[in-house]
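Report on the following structure.
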Amino acid sequence: MKLQMYSINFEADEQLNNFVQQKVNKLETFYDRVVNGEVFLKNNNKDGIDNKTVEIRLFVPGTTLFSQEDAPSFEAAADAAVDAMRRQLKRFKQKQTAH
């Protein structure tokens with residue numbers, strides 16, 4: 001899968017990019033027709049709390065799937081976003097096979 005990584009308002013290091021890339025690549029085991037994807041990494045300061053946001057957008061034939069999660073670290077946010085995307089991919093695949 002071709003994956004574009006964007007870091008908003010900071011420079012992401014190679015280790016973080018590799019971690020997110022590995023997590024998102026595992027999603028192809030659940031649905032192999034993913035065309036490409038985008039990952040946005042953002043720093044948020046809401047109400048004095050330093051949160052990290054990870055947004056994942058996957059393009060599959062016919063639609064676009066999206067998940068967004070906040071957590072104190074990028075790794076935790078990426079794990080949560082990938083889990084949410086995994087559930088969406090499974091549901092999408094079940095709908096496709098039902099038709």
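The values are calculated or read from the model by the stated rules, or taken from the named source; none is laboratory data. Everything numeric here is computed off the predicted structure, so don't read it as measured data. Ideal geometry is used to build each Cβ from the backbone, glycine not excepted, and the neighbour counts take in all protein chains shown.
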Discussion item. Can you report the number of residues in segment 15-37 which are over 20 Å from Ser73 (Cβ atoms) and surrounded by 17 or more Cβ atoms within 10 Å (Cβ to Cβ)?
Written reply: 4
Worksheet item: Restricting segment 1-22 to residues that are hydrophobic (A, V, I, L, M, F, W, C) and more than 25 Å from Arg33 (Cβ to Cβ), which is modelled with the lowest pLDDT?
Response: Phe10
Worksheet item: Restricting attention to segment 38-63, which residues are of a type outside the set (S, T, N, Q), surrounded by 15 or more Cβ atoms within 10 Å (Cβ to Cβ) and over 12 Å from the mean Cα position of the chain (by Cα)?
Response: Lys42, Lys52, Val60
Worksheet item: Residues in segment 22-31: is at least one part of a loop (DSSP other than H, G, I, E, B), closer than 23 Å to Lys95 by Cα and hydroxyl-bearing (Ser, Thr, Tyr)?
Response: yes
Worksheet, complete the sentence: Over segment 53-63, the set of residues more than 14 Å from Met1 (Cβ to Cβ) and part of a strand (DSSP E or B) is Thr53, Val54, Glu55, Thr63
Worksheet, complete the sentence: Note on segment 65-79: residues part of a helix (DSSP H, G or I) and either in contact with a helix residue (DSSP H, G or I) (Cβ under 9 Å, 6 or more places away or on another chain) or surrounded by fewer than 16 Cβ atoms within 10 Å (Cβ to Cβ) (or both) are Phe74, Glu75, Ala76, Ala78, Asp79
